[in-house]
Structure formats: structure tokens, C-alpha cells
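Heads up, the thing below is written out as C-alpha cells.
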Amino acid sequence: MQDQAVIIREMVEADLPGNHQLQHLQMQYHLDWLGPIDYEWIASEACTQRTRNFIENDDHLAIVAEQGENPVGFLLGKIAPNHPTSMNKMIGELCSLFVHEDVRGLGVGRQLCERFNSFCADHGIGLIIVEAASSNFPTHEFYQRLGYKDYSVTMRLQLADDD
Ligand SMILES: CC(C)(COP(=O)(O)OP(=O)(O)OC[C@H]1O[C@@H](n2cnc3c(N)ncnc32)[C@H](O)[C@@H]1OP(=O)(O)O)[C@@H](O)C(=O)NCCC(=O)NCCS
């Protein structure tokens, strides 16, 4: 499996079950960001429909990385409204990115992001944002290698214990 080339292509309906498994794996990186994960929701039709929206909407992008028959990565992104006071009325929002650990370090994440960059440029978008957990340092480095810069801090106040 390791020797086979990784192909990047647009996601289609038939990819949804395989993508669902990758989204499940991705949750381990969101544990200290989202708190307890609602795995039932990830298994639900609502989650599948959310991903399907990225396939079906013209201002959304869903792409997969595939090695042989196996899905090994994906990116979900969309064109979204910016803060109304900004001159950049619309921005690219990189919503979700995951590369399976078997194929990390081979440029797959970079290729997925570059495909999203092109999608945004084709839509006349000049700015892309992505949010990552402040503890996810390796991912910060990854985005910095791709040219992203820190620009804001999200803070939160825990008012009650998680269930
Ligand atoms: C972050 C992630 C997408 C990187 O994917 P990848 O395919 O391994 O990354 P690439 O091989 O394309 O690396 C691109 C560049 O980033 C650097 N990079 C990648 N992972 C890195 C890491 N963990 N630490 C430091 N640099 C890293 C590479 O060295 C490379 O630099 P170069 O091209 O200048 O030589 C992948 O590790 C992942 O899915 N992580 C878990 C999920 C996650 O955190 N997703 C993001 C949520 S916002």
C-alpha cells in the first residue's frame, strides 16, 4: 500500500461511507478542542448530510485523497461571509482537513490545501482562514509551512463541567 501513488480528486456521493471513517479517526485531534465528542452524531445521517452539502454546493469544496481503493485523506472547505466591516466581504474557510497517519509527510496535506487555494482563487477570494486547536502544535507548523500566519486567539470560559 505504501508504494501506491496518492490521487487527489473531488469527493462524490460514493465516497461518503469511507469519508465517514476518516472523520471518526479525525476526532482524536479534536478531543481537547471540542471536549467530549458526540460519536453518535458522527454516525448519524445529519453528519453525512453535512458532508454531502460540501459535495453539492457550488461554493463548497469536498476533496479526497485516495491510495488505490482506500481513502487516506480529505478536505472540506467553503466560501463564507466575512465580518461585514471588512473590505473582504467573502473569505475561504478551510473547515476540515485530515490525512491518515500512514501517508503523512508525503505532501498530501499540502496538495489538498493547494487545491482549495485554487478553488478560492477561481471564486475571486483572496483570503483563507482556518481554525485549529491551540494545543495542536504540529498542525500549526503544517499551516505555517503553507504560508498561513497567526492572526487571532479564540478564548473560552468553562461555566459548567462537561457531561
Ligand atoms: C496536519 C496534516 C493534515 C498534515 O498532512 P501531511 O500530508 O502529513 O502534510 P504534508 O506532507 O503535505 O506537509 C506539508 C508541509 O508541512 C510540514 N509538516 C507536516 N506535518 C508537520 C508536523 N507534524 N510538524 C511540522 N511540520 C509538518 C511538512 O514538513 C511539509 O513542509 P515542506 O513542504 O515545506 O517540506 C496531518 O498531519 C493531519 O491530518 N493531522 C491530524 C488532523 C489535523 O490536525 N487536522 C487539522 C485540523 S484543523
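The values are calculated or read from the model by the stated rules, or taken from the named source; none is laboratory data. Being a predicted model, the structure only gives us computed values, none of them experimental. We place every Cβ from the backbone using ideal geometry, glycine too, and count neighbours over all the protein chains shown.
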The stretch 35-58: number of residues that are exposed (fewer than 12 other Cβ atoms within 10 Å of the Cβ) and closer than 16 Å to residue 96 by Cα: 1
Subset of the stretch 50-107 (residues that are among the hydroxyl-bearing types (Ser, Thr, Tyr) and within 16 Å of the ligand (Cβ to nearest atom)): 51, 96
Every residue from the stretch 120-130 that is more than 7 Å from the ligand (Cβ to nearest atom) and free of Cβ contacts under 8 Å to residues at least 60 places away in the same chain: 120, 121, 122, 124, 125, 126, 127, 128, 129
Residue 143 being touching a strand residue (DSSP E or B) at 6+ places or on another chain (Cβ under 9 Å), under 29 Å from residue 36 (Cβ atoms), part of a loop (DSSP other than H, G, I, E, B) and within 14 Å of the ligand (Cβ to nearest atom): no
Test: residue in the stretch 122-140 that is at pLDDT 95 or above, over 28 Å from residue 35 (Cα atoms) and assigned to a helix (DSSP H, G or I): yes
Any pair with Cβ under 6 angstrom, 6 or more apart, that starts in the stretch 105-119 at a residue that is farther than 17 Å from residue 70 by Cα and at pLDDT 95 or above and ends at one that is of a type outside the set (Ser, Thr, Tyr) and in a loop (DSSP other than H, G, I, E, B): 113/146
